[in-house]
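*Asks:* Before we start, here is the structure in question, set down as structure tokens.
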Amino acid sequence: MPVTRNPGVPRLLRRLNDRSALELLLSVGPLTRAELGERTGLSKVTAGQLLARLEERGLVEVAGERASGRGPSAALYGVVPSSAHVAGLEVLPDAITVGVADITGRVVVEVVVDPAGGGDPVAAVHEAVQRACASAQITLSRLRSFVIGTRGVVDPRTGDMRFSYDLPAWHTGVLASLRRTLGASVTIENDVNLVALAEHSYGAAAGQDDFVVIWAGIGQGLGVMLGGRLHRGITGGAGEIGWLPVPGEPLPADVSRPQSGSYQRLVGQEALAGLAREHGVTGSSPTSSPGSLVADLIRTAVARGRGGFLDAVADRLAVAVAAVTVVLDPGLIVLAGDVGRAGGDELAARVERAVAKVCPTRPRVVTTGVTGNPVLRGALVAALEEAREQVFSDTV
């Protein structure tokens, strides 16, 4: 019988080879044609054809030369940074922070914009993105992906906001309006889930596919990564630990009240500030805002060796860590948020010891390793993944 040839196979192989080459150049930096061939298993001829194809499409360029002791220098090829840009946003009631990164992940600009009351979220986001584009000297059309981090529950089935106490104007229908304004590649994501992505890519959980982020600060949250993927739950409510039932604390009578959750009453700003007063700990900055007051108290306690207060905070944080551990057994807990960052390794070690007293397994507890704005960095991680999928998936 004659052999049936599939004309789509060579095209598919070229596409796969092109994508592998682009991802390799992003991860390790510029390579020569020979180095690219060695790392991908392609012949020099095939690697040369691949680079010529990508160069013609404006995805790679000559980025320098590699000196050779026995012959002429070889050209180094790298990904063209300006071939695509993405935007990551953190939306808060009083500020919208926008970061713009090129396809390599380099952040080219970061701006903070006042949302002017937040009555129209679409207009506020559009204005913030336009300001960021102007600062980055690019047009809005150059942005291939937008990821927006918010405090609230996002429905994983629709991608829309289910509810947010802090952002009442963000509701069902906002995502569709944003996509009509900015383009189809707009995603809304829970802020602590984005922190988990940042920890996985750059922070304390780099290389770990199973871990949990405990966010302690203004509001309480949880980000769960299992098998290298975020776990959001059926309705997007996974991680709402502010509602975790706590022994000795009354169950909420009205879930529409943001401070009514049992665990929230245990580790919220007012609760930890009261705990500090009980232990005689006062902050170093009397003018601290309510949002930074507890972080200031914890930093002061670490600096002055106030172990009693730190142990009391650790015992309260351990309630959530132990509850998560006996259900998921993630092995690694990352303390993030204002409290986690302020407590550092000292608080993390105390939480680990406190968990070991009440939990049959002892997870490793570490402090966040993400610098800068962790929500924004996670949003850019997610946006870059989407943009690279668009740009790299069809190169032939």
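*Asks:* Which FRET efficiency value, to the nearest 0.05, do you get for Gln49 and Ser135 by plugging their Cβ-Cβ distance into 1/(1 + (r/R0)^6) with R0 = 35 Å?
*Replies:* For R0 = 35 Å, the calculated efficiency reads 0.35.
*Asks:* Mind giving me the nanometre distance, one decimal, between the label points for Ala169 and Arg66, set 7 Å out from Cα along Cα→Cβ?
*Replies:* 5.3
*Asks:* In addition: When N is the residue count of the chain, what does its C-alpha Rg come to as a fraction of 2.2 N^0.38 Å?
*Replies:* 1.14
*Asks:* Of Leu24, Leu12, Ala47, which is farthest on the positive side of the dipole of the stretch 8-79, counting Cα position, with +1 on Lys and Arg Cβ, -1 on Asp and Glu Cβ, and the Cα centre as origin?
*Replies:* After comparing all options, I get Leu12.
*Asks:* If I fit a long axis through the Cα atoms of helix 290-304 and take the longest principal axis of the Cα atoms of the chain, what angle between them do I get, 0 to 90°, rounded to 10?
*Replies:* Helix 290-304 and the main axis of the chain meet at about 80 degrees.
*Asks:* How much mean residue ellipticity at 222 nm does the chain get from its helices, if each DSSP H run of length 4 or more adds -39500 (n - 2.57) and you divide by all residues, to the nearest 500 deg cm²/dmol?
*Replies:* -14000 deg cm²/dmol
*Asks:* State, to one decimal in nm, how far the label point of Arg353 lies from the label point of Glu385, with both points 7 Å from Cα in the Cβ direction.
*Replies:* 3.7
*Asks:* Pick from Ile188, Ile214, Ile138: which residue has the top mean-square fluctuation in a GNM of the chain where Cα pairs under 10 Å get a spring?
*Replies:* Fluctuation is largest for Ile138.
*Asks:* Which net charge results for the neighbourhood of Gly228, defined as the other residues with beta-carbon distances under 9 angstrom from its beta-carbon, given Lys and Arg at +1 and Asp and Glu at -1?
*Replies:* -1
*Asks:* Further question on the same structure: No solvent, one uniform scatterer per C-alpha: report log10 I(q)/I(0) for the stretch 8-79 via the Debye equation at q = 0.20 1/Å, two decimals.
*Replies:* -0.78
*Asks:* What is the sum of charges, Lys and Arg at +1 and Asp and Glu at -1, for the other residues whose Cβ falls under 14 Å from the Cβ of Val370?
*Replies:* -2
*Asks:* About the Cα centre of the stretch 8-79, how large is the charge dipole given +1 on each Lys and Arg Cβ and -1 on each Asp and Glu Cβ? Please answer in debye to the nearest 20.
*Replies:* 260
*Asks:* Another question, if that's okay. Based only on other Cβ atoms within 10 Å, what is the fewest-to-most ordering of Cys359, Cys133?
*Replies:* Cys359, Cys133
*Asks:* Ok, one more. Please arrange Phe163, Phe211 by how many other C-beta atoms lie within 10 Å of their C-beta, fewest to most.
*Replies:* Ranking Phe163, Phe211 by Cβ neighbours within 10 Å, fewest first, gives Phe163, Phe211.
*Asks:* Among Gly343, Gly228, Met161, whose Cα projects farthest towards the positive end of the dipole of the chain, with charges put on the beta-carbon of Lys, Arg (+1) and Asp, Glu (-1)?
*Replies:* Working it through, the farthest residue towards the positive pole turns out to be Gly228.
*Asks:* Could you tell me how many degrees, from 0 to 90 and to the nearest 10, lie between the Cα long axis of helix 44-56 and the main elongation axis, the longest principal axis, of the Cα atoms of the chain?
*Replies:* Relative to the chain, helix 44-56 is tipped by roughly 70 degrees.
*Asks:* Of all DSSP beta bridges located in the chain, what percent are antiparallel, nearest 5?
*Replies:* 60
*Asks:* When DSSP assigns beta bridges and you keep just the ones with both residues in the stretch 206-369, what percent turn out antiparallel, to the nearest 5?
*Replies:* Of all bridge pairs located within the stretch 206-369, approximately 55 percent are antiparallel.
*Asks:* Give me the dipole magnitude in Debye, nearest 20, for the chain about the Cα centre, with unit charges on the beta carbon: positive for Lys and Arg, negative for Asp and Glu.
*Replies:* Roughly 1020 debye for the chain.
Computed from the coordinates by the stated procedures, all read-outs in this text should not be read as laboratory data. Remember, predicted model here, so these are calculated numbers, not experimental data. No Cβ is skipped: glycine too gets one built from the backbone with ideal geometry, and neighbour counts run over all protein chains shown.
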